[in-house]
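Worksheet: one structure, shown below.
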Amino acid sequence: PHWFYCKVTDSRERWIPFSTQDSGRLEEAHGSGRDKEDLVVPTSGGRYDVHLKKRQRVAVYWEEEVSEVRRCTWFYKGDKDNKYIPYSETFSEELEEAYMIAVTLDEWKKKLESPSREIIILHNPKLMVHYHPVATSDDWGSTPTEQGRPRTVKRGVENIAAEIPNGEPLQIDHLVFVVHGIGPACDIRFRSIVQCVNDFRNVSLSMLQAHFKKAQEQQQIGRVEFLPVNWHSSLHSTGVDVDLERITLPSINRLRHFINDTILDVFFYNSSTYCQTIVDTVASEMNRLHQLFLQRNPLFKGGVSIAGHSLGSLILFDLLTNQKAAPEEDEHSEEVRALRTTSSNRGIEEIKEILKKLELSEYCDVFEKEKMDRQALFLCTEKNLKEMGIPLGPRMKILHYISSKRDTQVCLLPGSPSQHDSESTGNGRNCQYRDVGLGQVSANYPQLNYKPTIFFAFGSPIGMFLTVRGVKRINPNYSLPTCKGFFNIFHPFDPVAYRIEPMIVPDLEFEPMLLPHHKGRKRMHLELKEGLTRMSVDLKNNLLGSLRVAWQSFTRAPLPAVEAASTDAEVEAEAGVEKQPDTKPNETPTAVKEEATLINVGRLNGGNRIDYVLQEKPIESFNEYLFALQGHLCYWESEDTVLLVLKEIYQTQGITLDQPLPGS
């Protein structure tokens, strides 16, 4: 016998086998005779519980319809998709009993009637048929006959060619929470975040087997658990949908409903009322899931990372920028304390200079007493200055100075160098870095119960939102307070994705890191495209060189014989000059490569590169616009994305790929 559960999609039932591992556990619990108690058996890596007595499969971490569970031994072929459907457990017992009698006594042609009054005939061990009746009964109440189309009946799961997975490794090395973007659907097939994360997890299991085989064989690793975080349903259960319905026009009903359900989520996030609902939901849900996971996995010692898709990545970024680092981390060394004391003294000196410029030096002591520095001064209001005891005239002078400088002066990022440093490096100009929190919606951002190891952003608009909020540059010394890793992963045609690195290094043009293909090489069409580009550049250079020589020989005036010697020297010199470009192209790529690897993109990802671009598929390269939407929704089944996530997670544990991928 094998255990199955029933999945209902679009009012169609589909019976799916449990993994060999889970089915064995269920059979063992059933065989112990304890299924008469309310025994609960965890399955699917602990994400679902099976209540053996009720024969129900219940989701642990998210809300989902309860599924029926069956212990299956007999199956018949279905009507529509030709997949085998298990009989009920009681009728399976009847069939098994009839089959055993027929085998023992060698008496076949046995006829049985199912609970739904359908006929099953056991012709011989290899031919057993199920007949659907034409009608359940006629006016005379006669019993059904074998008039319907016959269906094959099979005994035992090994005879129905069902794909039965082996099961997942029991050991969990790392936990990743995945937050969705706008709307209830997360991919082109309009599937929920739960289904998309299931795909992501399944791809991760196959990538572990393909690229971490040695570590698995040596039992160094188990697997990474991915859990979905849903905030859309909480937002739309606030009653806002009813209010929107009231004001929505009746025309193009489906399109308007789609916009209300999806695109408006961006506007909700930019509203202080609903932004608070969203951040509260995401943080509390991640904290709840974390606590529940630890309760169910008391031996778990791994780290926690977070991933966000589209708007979900922006929500996580805003949450992370508002986390508070532990005081002991802030004051981790005497050097830091000394540096802060120095910068605070420097700040007081700057205030004295400003007051001296405004001819208000007599108020220096007041500002020193209040521990005011330049940054604090620019946050002052008239009320603050009045409370400090500054008279009206000096107050007006100070406020005028603040307003005149406010356009260029904004606060430094947390953890960045002092104002004086930035001015000294910027030739006396005012600070050019804005706080990443600038322009954020006014909300009380909750704290997470853990410190994420890495933050992964898929198809993320973080760069665009920061720019719109007024943040033109990110300080290279800035890092997220509680998370040291940050990867911005995007498809080249994703219309929602934006880069982060140019905001840190705006003066240098460089490409994002190309994610290596999971099979270990660049896609063929990209290599071909690069080869053709190189070839066309070479042809162009050669053609231009030939034209230049021809033009020079045509326009050169005839020279006297006396100057022949000097002319030969000039020709050699020109030839030497013209030869130089031929040698340079061979040297340039290596120089460019060295420069690319040496780019300093700041501390946001611990000094490592942040932007990673996927390789488009050959069919996608025919038309960028046609595959733009697919580009934004492709991450859930992208082996390259999953492999980067696994590689970076396991790298924190000192475990590497079996074979390094080229370009990684």
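Structure above, values below:
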read-out	value
Checking L466 against (1) over 16 Å from H632 (Cα atoms); (2) touching a residue at least 40 places away in the same chain (Cβ under 8 Å), the condition it does not meet	(2)
Only listed residue being touching a strand residue (DSSP E or B) at 6+ places or on another chain (Cβ under 6 Å), surrounded by fewer than 16 Cβ atoms within 10 Å (Cβ to Cβ) and farther than 30 Å from Y131 by Cβ, chosen from V50, V66	V66
Filtered residue count, region 629-664, keeping only those that are more than 18 Å from the chain's Cα centre (by Cα) and surrounded by 19 or more Cβ atoms within 10 Å (Cβ to Cβ)	1
Residue pairs meeting the criteria (Cβ under 9 Å; at least 6 apart or on separate chains; first surrounded by 13 or more Cβ atoms within 10 Å (Cβ to Cβ), in region 355-376; second part of a helix (DSSP H, G or I) and among the hydroxyl-bearing types (S, T, Y))	L355/S361; L355/Y363; L358/Y401; D373/S343; D373/S344
Helices (runs of 4 or more DSSP H) (entirely within region 190-286) containing at least 1 residues that are within 17 Å of A307 (Cβ to Cβ)	193-211, 232-236
Residues being surrounded by fewer than 23 Cβ atoms within 10 Å (Cβ to Cβ), out of contact with any Gly (no Cβ under 7 Å at 6 or more places or on another chain) and among the aromatic types (F, W, Y) - total across region 450-485	2
Identity of the residue in region 426-472, in a loop (DSSP other than H, G, I, E, B) and of a type in the set (A, V, I, L, M, F, W, C), that ends up modelled with the lowest pLDDT	C431
Region 593-640: number of residues that are outside the structural domain of G463 (by TED's automatic domain parsing) and modelled with pLDDT under 85	7
Filter result for the condition that a residue is of a type in the set (D, E), under 40 Å from the mean Cα position of the chain (by Cα) and closer than 30 Å to Q291 by Cβ, over E27, E63, E37, E13	E63
Tally of residues being assigned to a loop (DSSP other than H, G, I, E, B) and of a type in the set (S, T, N, Q) across region 1-53	3
Residue tally, condition within 17 Å of the chain's Cα centre (by Cα) and either farther than 14 Å from E511 by Cβ or without any contact (Cβ under 8 Å) to a residue 40 or more places away in the chain (or both), over region 605-628	1
Lone qualifier among I390, I351 - being modelled with pLDDT of 85 or more, farther than 28 Å from P481 by Cα and surrounded by 14 or more Cβ atoms within 10 Å (Cβ to Cβ)	I390
D106 vs. criteria in the same structural domain as E158 (by TED's automatic domain parsing) and loosely packed, with under 15 Cβ neighbours inside 10 Å	yes
Condition met for P133 (in a loop (DSSP other than H, G, I, E, B), modelled with pLDDT under 75 and buried (at least 19 other Cβ atoms within 10 Å of the Cβ))	no
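The values are calculated or read from the model by the stated rules, or taken from the named source; none is laboratory data. The structure presented is a predicted model; accordingly, all values stated were derived computationally and were not measured. A quick note on method: Cβ atoms are made from the backbone with ideal geometry, for glycine too, and the neighbour counts reach across all protein chains shown.
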